[in-house]
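Data first, discussion second: the structure below is written as structure tokens.
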Amino acid sequence: MQRLRLQMIFIFGPFFALILISFMCELKRRIVGDDMQSDTDCQLLTKIRKEVKMKNESGFTLVELIIVIGVILLISTIAVPNIIVWRQNTQLSGAVRDIYSHFQKAKVEAIKRGTYCAAAFSSSGYVIFVDSDKDLVPDPGEEVIASISLSDYGNVSFDTSKGGGDGLTFSNPTNGIAFAADGLAKSAVGFGLGSVYLKNGNSKTAGLLVSSAGSIRLL
């Protein structure tokens, strides 16, 4: 964020300097008249004014236009970084809520079908599938309910500072969790539980927790 603000300053700084010079020159013109040919500080502005050939003063003056542009640029300098942060936070919130929704979907499908529905994770995303052999691994022929890539959410990724360095704390070596026909959370060897942790480019984090009873809640 600090780097972005410095870039905005470098981009828009010259515009603000031009506004200040223009204002000083316009003020001097109004005080001493339009003869500024010998004033080296205002020669550029005088040249611009001659080139645009303003026939009268019924419209906007050059200074007024530059001031308006400057105000727009100032507002952009303040607003754009905040918009970027808001968008990234929205993407993070959307990613974790989608995991929540997909887990709820897996739980409902497991109860309806009378078998395991599991979530298997990789470094790039996760898969929700009907786990017919109950090994928490998506095998050929097993129905995939949803396949999600975190790249769909901008710069959202797993928070590698949590879990085993992958943002996951499931009690299962295959980095996944399943829901049984009774709605309970399962691992490959028994009851399952754990969490998923995400982060975005602003280092803002979010996550959810699955209990062994099958309850799912946002952190």
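Readers should treat all values here as calculations from the given coordinates under stated rules, not as data from a laboratory. Just so it is clear, the model here is predicted, and its values are computed rather than measured. Positions of Cβ are backbone-derived with ideal geometry, glycine not excepted, and every protein chain shown enters the neighbour counts.
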Kirkwood Rh and Cα Rg combined as Rg/Rh, segment 121-219: 0.97
Quick calc: nm separation of the 7 Å Cα→Cβ label points for V80 and V68 -> 2.1 nm
Using modelled backbone amide H atoms (1.01 Å from N, in-plane), which distant-in-sequence or interchain residues come within less than 5 Å of I145's amide H? I128, F129, V130
Summing Lys, Arg as +1 and Asp, Glu as -1, what charge do residues with Cβ under 15 Å from the Cβ of D133 carry, D133 excluded? -2
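When Lys and Arg each count +1 and Asp and Glu each count -1, what net charge do the other residues less than 11 Å away from A181, Cβ to Cβ, add up to?
That sum, taken over residues with Cβ under 11 Å, equals +3.
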